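First comes the structure, then the notes that go with it.
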Amino acid sequence: MALFGSESKFESSVREIPCSQERVYAKLSDLSNIESVRERLPQDKVQDLEFDTDSVSISVQPVGKVTLRIIEREAPKCIKFEAEQSPVPFNMWIQLLPVTDDSCKMKLTIKAELNPFIKGMVSGPLQEGLEKISEMLAMINYQ
């Protein structure tokens, strides 16, 4: 069994957001806007939420503390993050595509280097977590 595995990719469902691509991008590309969703996070699973304009840290049970930092912004269509503090190193990005002037579609993607043993243990929780983040981001009021 190889110590380092191949690149694994996880994608969320595509979510439609009833707001313009530019407005959604503006809100999500500044992580200090997370304050508006703090109360929607499950308190039994998420603690110690800290954020600034470029990074967010959160303690997630049973994983521990995870820190994501924005490493690239491509207005108004993509925000790319890199895990700085995580049990598994990974990148995540949020893609936004316009549907109409007043709506857009969003998809989250994670890429991680996982060996087969780790992949078997984290694939389910990672996919589930990605869907929950996607669902939470789709519920934000972007007006």
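Quick note: the coordinates plus some simple rules give every number you see, no bench work behind them. Since the structure is predicted, the reported quantities are computational estimates derived from the model, not experimental observations. FYI the Cβ positions are ideal-geometry reconstructions off the backbone, even for glycines, and counts take in every protein chain you see.
For the pair Asn33 and Ser103 in one chain, pulling the backbone fully straight at 0.36 nm per residue adds 23.2 nm over the alpha carbon distance.
Computed from backbone phi with θ = phi - 60° and the Karplus coefficients 6.51, -1.76 and 1.60, the 3J(HN,Hα) list for region 127-142 is 5, 5, x, 4, 5, 5, 5, 4, 4, 5, 5, 5, 8, 5, 7, 8 Hz; x is used for glycine and proline.
From the largest down, region 65-132 spans 45, 22, 19 angstrom on the principal axes of its Cα atoms. From helices alone, the chain scores -7000 deg cm²/dmol at 222 nm; the rule is -39500 (n - 2.57) for each run of n ≥ 4 DSSP H residues, then divide by the residue total. Per-residue 3J(HN,Hα) values for region 82-88, derived from phi via the Karplus relation 6.51 cos²θ - 1.76 cosθ + 1.60 with θ = phi - 60°, read 10, 6, 9, 10, 6, x, 10 Hz in sequence order (x marks Gly and Pro). For Phe90, the residues whose modelled amide H falls within less than 5 Å of its own, excluding neighbours fewer than 5 places apart on the same chain, are Ala83. Against the set (i) 16.7, 52; (ii) 15.2, 50; (iii) 14.8, 45, the structure's computed Rg and Dmax of the Cα atoms in Å falls on (ii).
By the Kirkwood approach, averaging reciprocal distances over each pair of separate Cα atoms, region 94-143 gets a hydrodynamic radius of 12.8 Å.
Once the other residues with Cβ under 15 Å from the Cβ of Lys9 are scored (Lys, Arg +1; Asp, Glu -1), what is the net sum? That sum, taken over residues with Cβ under 15 Å, equals 0. PRE reach from Glu7 (point 7 Å along Cα→Cβ): which of region 110-129 fall under 14 Å by backbone N? Backbone N within reach: 110-114.
In the chain, Cα pairs under 8 Å separated by at least six residues give a relative contact order of 34 percent. Full extension of the chain between Gln143 and Arg15 yields a length gain of 44.4 nm, computed as 0.36 nm times the residue separation minus the alpha carbon distance.
With 0.36 nm allotted per residue and the present C-alpha distance subtracted, the Met121-Ile71 stretch has 15.3 nm of extension available.
In straight-distance terms, cross-link reach from Lys27 covers every one of the lysines whose alpha-carbon lies under 16 Å from its own, apart from those fewer than eight places away in the same chain; here that gives Lys77, Lys80, Lys105, Lys107.
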